[in-house]
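First comes the structure, then the notes that go with it.
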Amino acid sequence: MFDILLKKTYDELTAAEKKQYAAMATDFLKNAVKMRLQETDVPWGFNHDHDDMAAWKTYRQALRDLSKTAEPKIDHETYTLINVTFPTRPDED
């Protein structure tokens, strides 16, 4: 089904296909957020000393909030998540 949805332009999708597309884009977002949270489990962990734990907490919460604020889409050529701005990690400022 993934292949069929991405071979058409968004305007060519039926209403049912648009729902599937939205669900697929949301799944992409959930997986991307999960990966970023897992990447920060070590810096965030209580056994790891950081000067700015508040910044890490804010970053991780911003990742979790993306599911409420973002309107994810999938690029039809690269099959990647687009239309989502991820927060900047505190160690990348």
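The values are calculated or read from the model by the stated rules, or taken from the named source; none is laboratory data. This one's a predicted model, so the numbers in the text were calculated from it and none came from an experiment. Methodologically, a virtual Cβ is constructed for each residue, glycine included, from the backbone with ideal geometry; neighbour enumeration extends over all protein chains shown. Ligands, DNA and RNA are stripped out before the accessible areas are found, and what is left, the full protein with its side chains, is counted by its heavy atoms. Shrake-Rupley method; radii C 1.70, N 1.55, O 1.52, S 1.80 Å.
Data table
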| quantity | calculated |
| --- | --- |
| Cβ pairs under 6 Å, 6+ apart, first in segment 1-14 and open to solvent by less than 80 Å² (accessible area, probe 1.4 Å) and among the aliphatic types (A, V, I, L, M), second modelled with pLDDT under 80 and not in a helix (DSSP H, G or I) | LEU6/HIS76 |
| Filter result for THR26 (out of contact with any Ser or Thr (no Cβ under 7 Å at 6 or more places or on another chain) and at pLDDT 85 or above) | yes |
| Cβ pairs under 8 Å, 6+ apart, first in segment 59-83 and over 12 Å from LYS30 (Cα atoms), second open to solvent by less than 60 Å² (accessible area, probe 1.4 Å) and part of a strand (DSSP E or B) | LYS73/LEU81; ILE74/LEU81; ASP75/LEU81; THR80/ILE74; ILE82/ILE74 |
| Tally, over segment 30-55, of residues that are open to solvent by less than 90 Å² (accessible area, probe 1.4 Å) and either modelled with pLDDT under 90 or over 30 Å from THR9 (Cα atoms) (or both) | 12 |
| Selection count where residues are of a type in the set (Phe, Trp, Tyr) and open to solvent by 50 Å² or more (accessible area, probe 1.4 Å), scope segment 56-85 | 1 |
